[in-house]
Each structure stands twice: as structure tokens, then as C-alpha cells.
Amino acid sequence: NIPGSPVEFSSLLFNENVDQKIGRLSAIGTMDDKIILFGPKSKFYIVGDGPSPSGLNNDFTEAIRIAGTTGCTNQASILEIPIGLIYQDPLKGIWLLDRSLQERFIGAEVSKYNSYQVTSAQLFESENRAIFTLSNGVNLVYDYYVNQWETDIYPLGAVDSTIFENDLVYI
């Protein structure tokens, strides 16, 4: 560590092999004690704290395949909510990986937007809502308490967003 320098990670300290069936590793999410590894058409998970700063004592498990037919290539679409992990499958729309690692299609109501890429995902936990900005300027708002969707249009579109003082702020 050099004072005033950013935190860095050397790829020389840690390397983990994942089953070739995942294809190209395209996105990563976390849920509870699991790291979810996404390929375009599959999902795996690992658990553990990983290696120490020196690269020793790695206690990550082998990658374990999660049953199902979906994957994710869009890191911006991954959002952990109280009931699981939401992600956008490149062909099949928006899905939920619940806490028991079962995939569930939750995007039927908004499937006409499947061809648009999610550009950001934000959680408003106090309102039980998740908001996904799309590349076409539409926002998809998911109420995970009642399992319902609504849409909101932001005319200029958003390339990213964040929550500031309990408001969604667009870039």
C-alpha cells in the first residue's frame, strides 16, 4: 500500500477456474453469501471469503452450476432486492433468481421492452420498488411486494442513474 494511491488488485494473486459450460463470464452479482457468475446462457455460484491480501488461504468453493436456462450479459441490469437477484437475460427478458436459487420469469408484463438494454438498476427499498432505465428512454418500475410493473418515460433516455436524497438522478 502506497499512501495516496488507490486500492488495487493484482490478477497474479488470485485466479479461479470456472466450468467451460458457462461460456464467457459476462456478469457477476452477489446475493447473501454467494457470488453469482453469469454466462450468456447459464449461472454458477461460489461461496467463501476468497484469498487473503497476500493471495493465500483461498477458501472459495468450486463453481456450482445453478439449474435453469437463463444467463446475463448485461452487468448494469443486475440488482439485488429483498427476494433475490434480478437480471436481464439477453434473449428472454427480465428474470429473478430467488434466494433458493430458483429462476423465475418476472418480466412478462414488460416483455415488449426485451429488445432494449437496461442501462441502470436502482432499488427503492422503502417503497418496495426497483427501477430499471432502458436505452430507449423508458423506465421499468417493478413493485416486488405485489409483483407488478409500470412504465415511466424519461424523454432524453439515461445511460446511468443513481439515488440521491431518495430521488432517482439520471445521467
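The values are calculated or read from the model by the stated rules, or taken from the named source; none is laboratory data. In this text the structure is predicted, and so the values were computed from the model without any measurement. Because the Cβ atoms are built from the backbone with ideal geometry, glycine has one as well, and the counts that use them run over all protein chains shown. Note: areas computed on protein heavy atoms with side chains; ligands, DNA, RNA excluded. Shrake-Rupley method; radii C 1.70, N 1.55, O 1.52, S 1.80 Å.
Summary: within the chain, the longest segment free of GluC sites (Glu not before Pro) located in DSSP loops with at most 11 other C-beta atoms within 10 Å is 63-164.
Summarising the overall dimensions of the range 61-102 from its C-alpha atoms, the Rg and Dmax are 10.5, 30 angstrom. Gaussian network model of the chain, Cα springs within a sub-10 Å range: biggest mean-square fluctuation belongs to which of PRO51, PRO90, PRO40? Evaluated over the chain, the most mobile residue of the options is PRO51. The chymotrypsin sites (Phe, Trp or Tyr not before Pro) of the range 125-160 meeting both criteria, a DSSP state outside H, G, I, E and B (loop) and at most 15 other C-beta atoms within 10 angstrom of the site's C-beta, are TYR145. Of the solvent-accessible surface of the chain, computed with a 1.4 Å probe and all protein chains present, 52% belongs to carbon and sulfur. You can think of it this way: the chain between ASN136 and ASN114 has 6.8 nm of extra reach, that is 0.36 nm per residue less the Cα-Cα gap. For MET31, the residues whose modelled amide H falls within less than 5 Å of its own, excluding neighbours fewer than 5 places apart on the same chain, are ILE36. Accessible surface for the range 32-171, divided over its residues, is 52 Å² per residue with a 1.4 Å probe.
Taking trypsin sites (Lys or Arg not before Pro) in DSSP loop states with no more than 15 other Cβ atoms inside 10 Å as exposed sites, the chain has its longest site-free stretch at 25-98.
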